[in-house]
Amino acid sequence: MTNYLSKSVKELNALLKSKEIKPIDLVNEAFSKIEENSYNAFITLNKEEAIKEALELENMEVDNLLFGLPIAIKDNICTKDLKTTCASHMLDNFDPIYDATVIKKIKDCHMIIIGKTNMDEFAMGSTGETSYFPFAQNPWNTSKVPGGSSSGSAACVSGRLTSLALGSDTGGSIRQPASFCGLVGLKPTYGRVSRYGLIAFASSLDQIGPMTTNVMDNAILLGAISGKDDNDLTSSDSEVTHFTHLIGEDVKGMRIAVPNYYMSDVINSEVRNKVKDIISLLEKNGCTVDYVDVPYLEYAIPLYQTIALGEASSNLARFDGIKFGHITDEFSNIEELYKKSRSEGFGAEVKRRIMIGSYVLSGENANIYFRKALKLRKEMTDALVKVFDNYDLIIGPTNTNVAYDFGLKTDDALKCFYDDLLTIPVNMAGLPGLSMPIGFNSEKLPIGMHIIGNYFKEDVIYKLASFIEKELDLDMNPKGGKIC
Amino acid sequence: MLVPTIGIEVHVELKSNAKVYSKAKNAYSNEPNSFVDIIDLGYPGVLPKLNEQVIKNALKACVALNCKINDVMHFDRKNYFYPDLPKGYQITQQDTPIGYDGYLEIEVDGKKKKIGIERIHIEEDTCKSIHSLAGTLLNFNRAGVPLIEIVSKPDIASPEEAVAYVEALRETLLYLGISDVKIEEGSMRCDTNISLKEENAKEFGTKVEIKNIGSITNVGLSLNYEIARQKKLIEDGIKIVEETRRYDDNTNTTILMRVKETGNDYRYFPEPDIPFIYLDKSWITEVKENMPKLPEELREEYKVWGLNNNNIKTLIANAPMSKFLDILNCDKVISANLLTGDILAYLNKHKLNFEDLELKQDLFEELVNMISNNEVSSKQVKELLPVFLEKKISPKSIAKELGLVQISDTNALLDMVKKVISDNPNSVEDYKNGLDRAVKYLMGQIMKASRGQANPQTVSKLLVEELDKIEK
């Protein structure tokens, strides 16, 4: 079997341009690998269409870096005529009649959609285990969770089934699985990427972002999906810079902050030590690194539960069995239709979150919880943004720990939120955040580092990330072999 | 003595180029579900847009109703399950209504009163449910149609005031041109709430809401019924409970719909899909500067012009006609008489709207000037008008064609007068003996001789002059 999908975007582009390979070779490789071991990364494959498209592209000029490259799409992003399930029984037969804006954009680049990736149901979960379908596995160790909610996209890229994928991140759902699977995953600045066509979990936090094997690919893919969209009022008209333009530049003189909370003993010591190594590396190369106090970070989880779940309870109200999605077989009145369709269609975690969300918005609770949370969110945002008065970037671990065993956290509804302890504040503030691999623990499980930038400063994040990537020169292919 | 306290909530469908949160057409269609966008369906993954025209039209209402403006505003979600609500929530404005703290002046029995406006906010209409034996069908043409809700303060003290308020509101919105305000067709919907209290009591009584009021008349009828019903309960010592009733215009009564439970729990929160709106000052200035004349102002103006009360009432009730009158550069009284008299009669006879006539300003002015210059008699106008309204050509050319020319030349008329006097010595003698009808008879003879073309005013003047010259 060929192993082109371990190569970078630029390498593949050169091969395609010189006609050494054709798009169909990449598509065939992807499907062969999926057949061999898919890690349950996919819910729906787009084989017939993908092959058809690859063949059509043979007669066309390779006009951009992403031309003809296979990509996997998280299954909460609407794809026209291609099933979009949100990993839920509620939508397991849902064929959207339109393409999300990001899908239009990647189709404009002539990228080829290989399939729709597994995830936690409606993106609610941190392990992939709330999926209605067989859970995605971590290619580094299949008894470990790949992280979530973008579990399938992470498993797919980590297993090199495709080298590029889109995920979505509401509280850490790109960065945490990227960290667990040893990938580069970015949650862009809120508004950088259009949310039109992303089936909403928490509208004020959701962002679509790229998941890739390396920093440069990540920046290239971000460039393709960014930009103002008239269909999304929250999308920003902030200029889409060349996200790659600082990659490879000297990091000397960069000012970097490390929140004390991010290095406190809530973090596993192996993870902490790896981050400390990076801090030393940066200092050695002329960066200023300071430990700083950032207030309110410790409230991330209750804040998330109030705001994200409040919004989710409203966003998921449209799934009532009437217009689309699962409808119960028998009912005698409208209330029964709602109750049965929703009870049957949603899984336990989704139901739990809808109930919590409804509770925090209900009557006087709206003041006790939700309105208070909005105030706290503002404070947390101000505190984080203030750091950028004196620093270019904030760094720390992405997660408190590495990937863990399946089933470990399913017994405790609260535990899974703790994975997002360090990533949630970034969503609350709407800042861009990236996770990248910085090494392994003793069990050879990847450890992720978190780089947070100021608004629309993804290019600065990529600058530092590419430097660390180059310095560490890790082999992040679970099967080994950086060279195919 | 028990006195009523009344508040009114009015929903008004706004005219616009598209729906409030989608690009689907905002119009009436006989074809169900023909003006539908995936946004109106609440399709998974879609996000709302925001129609600027709706905000501008709502701003007009706020300015006309003397409201303060929330120039930084946001939208909110009102969450509840109902089949006519596609997203499971309505996008409305709870915390920051576009307008608040305004008033509308009404007049009852010659007395003027300001009714406070609590708030005006923008929201979307729901689908229309059609209940049939086969089940409930949904028509999404109405889903997402822009609405403003206008909530009065509890300043209304009688059913008469309530009717006057709704009527004044309807007129105002009509003149703003932002809505059809047809209560019978649902583009204006009223819910009232009413409580009774002892005249000097500080606290309000328990309020009852009345829905399904299908006409302005019914606003008054339903409130009158409800006052009587509540009075009887109170007199019988029965406690009023907070409840929602609907008006039944067959029986002229209100019927219990539901008793209010612990308060509706709509789980409001700020709509995250629509960012805060910062209303540009230039928008507000533009609306203020381009405010059309509103009924109150027009009434005053009409009085100054010398129009009679009947004409004023007719004109105000017919906004397009009133707007036409406003732009005319000719005698306003003659114009108003023509418009509210012969032209209105013509419209009624042919079941037409004023706009259907497509009256040309210059041609209409030509006609009015012909009348004010005594070129045609009022009798001749009646003959000329239908032809004018049909052919839409110069009234002068019509008059010429029909031979409708008025003779105002004194010399020519004097000959006629003298001839009639000499032909009718008996009438002259009657006149001299003080019988007024002799003048009328002689006038008739002159008009007959001139085939109706003599200017009656001039003839009458000449005739009396000539008669008085004759010695008895």
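The values are calculated or read from the model by the stated rules, or taken from the named source; none is laboratory data. A quick note: this is a predicted structure, and the numbers were derived from the prediction, not measured. Note: ideal-geometry Cβ built from the backbone for every residue, glycine included; neighbour counts use all protein chains shown. Keep in mind that these areas ignore ligands, DNA and RNA; they rest on the heavy atoms of the full protein, side chains included. Shrake-Rupley method; radii C 1.70, N 1.55, O 1.52, S 1.80 Å.
What the table shows:
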{"quantity": "Distribution of pairwise C-alpha distances over segment B:2-283, 5 Å bins, in %", "calculated": "1, 5, 11, 15, 18, 16, 15, 10, 5, 3, 1, 0"}
{"quantity": "Of the trypsin sites (Lys or Arg not before Pro) in segment B:358-406, those whose Cβ has at most 13 other Cβ within 10 Å and which sit in DSSP loop", "calculated": "B:K360, B:K392"}
{"quantity": "Anchor B:K78: lysines whose Cα lies under 21 Å away (excluding residues fewer than 8 positions away in-chain)", "calculated": "A:K323, A:K339, A:K351, A:K372, A:K375, B:K19, B:K49, B:K87, B:K128, B:K211, B:K260"}
{"quantity": "DSSP-assigned coil residues among trypsin sites (Lys or Arg not before Pro) in segment B:241-313, each with at most 16 further Cβ atoms within 10 Å", "calculated": "B:K260, B:K293"}
{"quantity": "Cα-centre dipole for chain B with unit charges at Cβ (Lys and Arg positive, Asp and Glu negative), debye to 20", "calculated": "600"}
{"quantity": "Top positive-direction residue, dipole computed over segment A:314-468 with Cβ charges, set A:G363, A:G453, A:N333", "calculated": "A:G363"}
{"quantity": "Estimated 222 nm signal from helices in chain B, with DSSP H stretches of n ≥ 4 weighted -39500 (n - 2.57), rounded to 500", "calculated": "-12500 deg cm²/dmol"}
{"quantity": "Anchor A:K378: aspartates and glutamates whose Cα lies under 15 Å away (excluding residues fewer than 8 positions away in-chain)", "calculated": "A:E298"}
{"quantity": "Computed label-point distance, nm, for sites B:R299 and A:K10 using a 7 Å Cα→Cβ extension", "calculated": "7.8"}
{"quantity": "Carbon plus sulfur fraction of accessible area for chain B, probe 1.4 Å, in percent", "calculated": "49"}
{"quantity": "Straight-distance crosslink candidates among aspartates and glutamates, where the alpha carbon sits under 18 Å from B:K281 and sequence neighbours closer than 8 are dropped", "calculated": "B:E52, B:D71, B:E289"}
{"quantity": "With eigenvalues of the C-alpha gyration tensor scaled by 5 and rooted, segment B:410-469, Å", "calculated": "17, 11, 10"}
{"quantity": "Label point 7 Å beyond Cα of B:Y103 along Cβ direction - residues of segment B:58-79 with amide nitrogen under 12 Å", "calculated": "B:66-67"}
{"quantity": "Over 25 Å between alpha carbons, listed pairs A:K7/A:K463; B:K293/B:K360; B:K360/B:K461; B:K303/B:K400", "calculated": "B:K360/B:K461; B:K303/B:K400"}
{"quantity": "Segment A:341-403 shape via C-alpha gyration tensor axes, a/c threshold 1.5", "calculated": "oblate"}
{"quantity": "Cα-centre dipole for chain A with unit charges at Cβ (Lys and Arg positive, Asp and Glu negative), debye to 20", "calculated": "420"}
{"quantity": "Longest DSSP-loop-exposure-free segment, GluC sites (Glu not before Pro), chain B, at most 15 other Cβ within 10 Å", "calculated": "B:1-198"}
{"quantity": "Where GluC sites (Glu not before Pro) fall in DSSP loop in segment A:320-364, at most 12 other Cβ within 10 Å", "calculated": "A:E330, A:E364"}
{"quantity": "Karplus-derived HN-Hα couplings along segment A:53-58 (A = 6.51, B = -1.76, C = 1.60, θ = phi - 60°), whole Hz, x at Gly and Pro", "calculated": "5, 4, 5, 4, 5, 4"}
{"quantity": "For segment B:2-283, with +1 on Lys and Arg beta carbons and -1 on Asp and Glu, the positive-most of B:G110, B:V3, B:G135 along the dipole", "calculated": "B:G135"}
{"quantity": "Cα-based helix-to-principal-axis angle, B:378-391 vs chain B, degrees rounded to 10", "calculated": "50"}
{"quantity": "Estimated vicinal HN-Hα couplings, Hz - segment A:212-227 in sequence order (Karplus 6.51, -1.76, 1.60; Gly, Pro = x)", "calculated": "9, 8, 8, 5, 4, 4, 4, 5, 5, 5, 4, x, 6, 9, 7, x"}
{"quantity": "FRET efficiency for B:K313 and B:T410, using Cβ-Cβ distance with R0 set to 30 Å, rounded to 0.05", "calculated": "0.15"}
{"quantity": "Gap separating the Cα centres of segment A:1-41 and segment B:1-71, nearest whole Å", "calculated": "52"}
{"quantity": "For B:Y103, residues with placed amide H under 5 Å, excluding near neighbours", "calculated": "B:N66, B:C67, B:I117"}
{"quantity": "Simple spin-label estimate for B:T285 and B:K349 in nanometres, 7 Å along Cα-Cβ", "calculated": "5.2"}
{"quantity": "Tensor-based shape of segment B:249-349 (alpha-carbon gyration tensor, a/c under 1.5 rounded, otherwise prolate or oblate)", "calculated": "oblate"}
{"quantity": "Pairwise FRET efficiency - B:E383 versus B:E429, Cβ, R0 = 41 Å, nearest 0.05", "calculated": "0.70"}
{"quantity": "29 Å Cα-Cα threshold exceeded, pairs from A:K276/A:K470; A:K144/A:K228; A:K10/A:K479", "calculated": "A:K144/A:K228"}
{"quantity": "Residue among A:A224, A:V145, A:G128 farthest towards the positive dipole end of segment A:114-257, charges placed on Cβ", "calculated": "A:V145"}
{"quantity": "Separation between Cα centres of segment B:441-472 and segment B:84-136, rounded to whole Å", "calculated": "65"}
